[in-house]
Amino acid sequence: MIAAGLTQRFKVDFDPNSQVFSLAGTIRPRSIDEIAESIHALREAIDAVRGVLYIDVKRLIQMNNTAFQAFIRVALDACRERSDLRLIVVTSSVVSWTTRMFRHLSTIEPQISVEVYDSMFYPGQDYFEDTSFIPILRAQTKLTWRHERDILPRHGMRPGIAMADICCGIGDFAVLAQKEFLPSRIVALDHSKPSLAYARNVAAEFGVTGIEYTYGDASEMLLEDNQFDFVSCRHSLQVFNQPELLLKELYRIVKPGGRVYITNEKNSHCLGEPRAQSIQWTYNELARLLSNFEIDVEFGPKSRRYLADTGFDDILVESFMVTNLDGDPQDFADIIAGWEKMFADMAVRHGEAPEFIERFRQGFRDHIFAALHPKGYAGWPIWAASGRKPL
């Protein structure tokens, strides 16, 4: 159900299978009569469920007091009439006012509770949002850009397009894309406020203007449907424990005929010589360790299947190897040193034995040794894939 008028534009939906009633957009009626149909829809949803009804307000941009009081009156009355009913209001930290507005309801009605959707949604995300990881991210982009600048045109990048960089991190990819390909518009979205602050500084450092930095949850974006020609999401699907939700959102915001471009890794294929066996063991164990945090660093070759399952066609997949020969070998070594620190910390947090952690660290050190050895070779494989949204 879509309501549109001078004072509001919003969507109301009920999924009886998952028992989710959703409110999205801007709801600012001048009187209750303007939203009578939506209020009736909520009553019908409550009547249809048994047990728990989820009230999803993750995409509720604005709601005035008239609308709030009307919807909440229905909810409170239902709870008082039905002792079997429980209402869970699902909010998002991206739209923080919804949590503040709805949370007080749980103090007056024990059958109503509020859950912040993204507070524990991505189990390993806090590691990658740590500002100490920023130098590693910059070094990674420095090396991957040498390859991506050549392959991006094959995946739909071209001058003059409207582009979105989702999970933009520290914003360096968006800056490089702006300078190299001159899109007419770039929206760069991320869930980390410190990363976005850093991204704005990066843009200023390079004298780049026109990038719209946006705070948001990639799995529940406050962006309109069908508005971008090209959407990138780099090194991110592998971090989230439900990548299909992110791909669904990327599909939603790209225009029919536009392309979504993703990059991901297969860390067990990281390699180095000399000391190959130690290096191989550590990266195999890294994939196992990160799976405990619901991070899939083996995602790269799965890209084609995930894109196809989401509904994309004309899928293109290619891989490239970032190596110690891509410029200064010290840059590669610096990335591995950062990985050693972060992933060893995760091993400690997971409760791995001290002897495991020491051997685990040694594999990263051997990878650095291979990168800096005058006759050595060290590699980090990346899968780049894109799919077109059908016309």
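T144 satisfies every condition listed in (1) at pLDDT below 95; (2) within 21 Å of the chain's Cα centre (by Cα); (3) in a helix (DSSP H, G or I); (4) buried (at least 20 other Cβ atoms within 10 Å of the Cβ) except (1). With respect to the conditions (1) in a loop (DSSP other than H, G, I, E, B); (2) open to solvent by 10 Å² or more (accessible area, probe 1.4 Å); (3) free of Cβ contacts under 8 Å to residues at least 60 places away in the same chain; (4) not hydroxyl-bearing (S, T, Y), L245 lacks only one, and its number is (1). For first residues located in the range 296-318 and farther than 11 Å from P390 by Cα and of a type in the set (D, E, K, R), partners that are assigned to a helix (DSSP H, G or I) and open to solvent by 40 Å² or more (accessible area, probe 1.4 Å) and lie 6+ apart or on another chain with Cβ distances below 9 Å form the pairs D296/K302; E298/H269; E298/S291; D309/E244; E318/R154.
Counting only residues that are within 30 Å of the chain's Cα centre (by Cα) and either acidic (D, E) or closer than 18 Å to T99 by Cα (or both), the range 29-73 holds 13 of them. Can you tell me which residue is surrounded by the fewest Cβ atoms within 10 Å (Cβ to Cβ) among those in the range 289-299 that are touching a helix residue (DSSP H, G or I) at 6+ places or on another chain (Cβ under 9 Å) and either within 10 Å of S268 (Cβ to Cβ) or among the hydroxyl-bearing types (S, T, Y) (or both)? That would be E298. Of the residues making up the range 148-158, those that are of a type outside the set (A, V, I, L, M, F, W, C) and surrounded by 19 or more Cβ atoms within 10 Å (Cβ to Cβ) are E148, H155, G156.
Of D366, D326, D334, all but one fail to be over 20 Å from K266 (Cβ atoms) and of a type outside the set (K, R); the exception is D334.
Just one residue in the set F230, F206 is buried (at least 18 other Cβ atoms within 10 Å of the Cβ), closer than 23 Å to A162 by Cα and touching a residue at least 12 places away in the same chain (Cβ under 8 Å); that residue is F230.
All conditions in (1) in a helix (DSSP H, G or I); (2) open to solvent by 10 Å² or more (accessible area, probe 1.4 Å) hold for E212, with the sole exception of (1). Looking across the range 362-381 at every residue that is open to solvent by 60 Å² or more (accessible area, probe 1.4 Å) and either part of a helix (DSSP H, G or I) or in contact with a Lys or Arg (Cβ under 6 Å, 6 or more places away or on another chain) (or both), the one that is nearest to P329 (Cα to Cα) is identified as L372. Scan the range 336-358 and tell me whether some residue there is touching a strand residue (DSSP E or B) at 6+ places or on another chain (Cβ under 6 Å), open to solvent by 10 Å² or more (accessible area, probe 1.4 Å) and either at pLDDT below 95 or under 30 Å from P390 (Cβ atoms) (or both). Scanning the range 336-358 turns up no residue that is touching a strand residue (DSSP E or B) at 6+ places or on another chain (Cβ under 6 Å), open to solvent by 10 Å² or more (accessible area, probe 1.4 Å) and either at pLDDT below 95 or under 30 Å from P390 (Cβ atoms) (or both). In a residue-by-residue description of the range 179-194, the property of being part of a strand (DSSP E or B) and in contact with a Lys or Arg (Cβ under 7 Å, 6 or more places away or on another chain) applies to no position.
Might you let me know whether the range 313-323 holds any residue that is open to solvent by 10 Å² or more (accessible area, probe 1.4 Å), assigned to a strand (DSSP E or B) and small (G, A, S)? Yes, that holds for at least one residue. Going by what's in this entry, would L307 be described as in a helix (DSSP H, G or I) and at pLDDT below 95? The answer is no for L307. Within the range 186-202, if we keep just the residues that are open to solvent by 10 Å² or more (accessible area, probe 1.4 Å) and without any contact (Cβ under 8 Å) to a residue 40 or more places away in the chain, the residue that is farthest from T141 (Cα to Cα) turns out to be K193. With respect to (1) open to solvent by 20 Å² or more (accessible area, probe 1.4 Å); (2) among the small types (G, A, S); (3) under 30 Å from R359 (Cα atoms), the lone exception for S236 is condition (1). Restricting attention to the range 106-136, the residues being assigned to a helix (DSSP H, G or I), at pLDDT 80 or above and open to solvent by 40 Å² or more (accessible area, probe 1.4 Å) number 3.
The values are calculated or read from the model by the stated rules, or taken from the named source; none is laboratory data. Not measured: the values here are computed from a predicted model. In this analysis, Cβ positions are derived from the backbone assuming ideal geometry, glycine residues included, and neighbour counts consider all displayed protein chains. Only protein heavy atoms, including side chains, enter the accessible area calculation; ligands, DNA and RNA are left aside. Shrake-Rupley method; radii C 1.70, N 1.55, O 1.52, S 1.80 Å.
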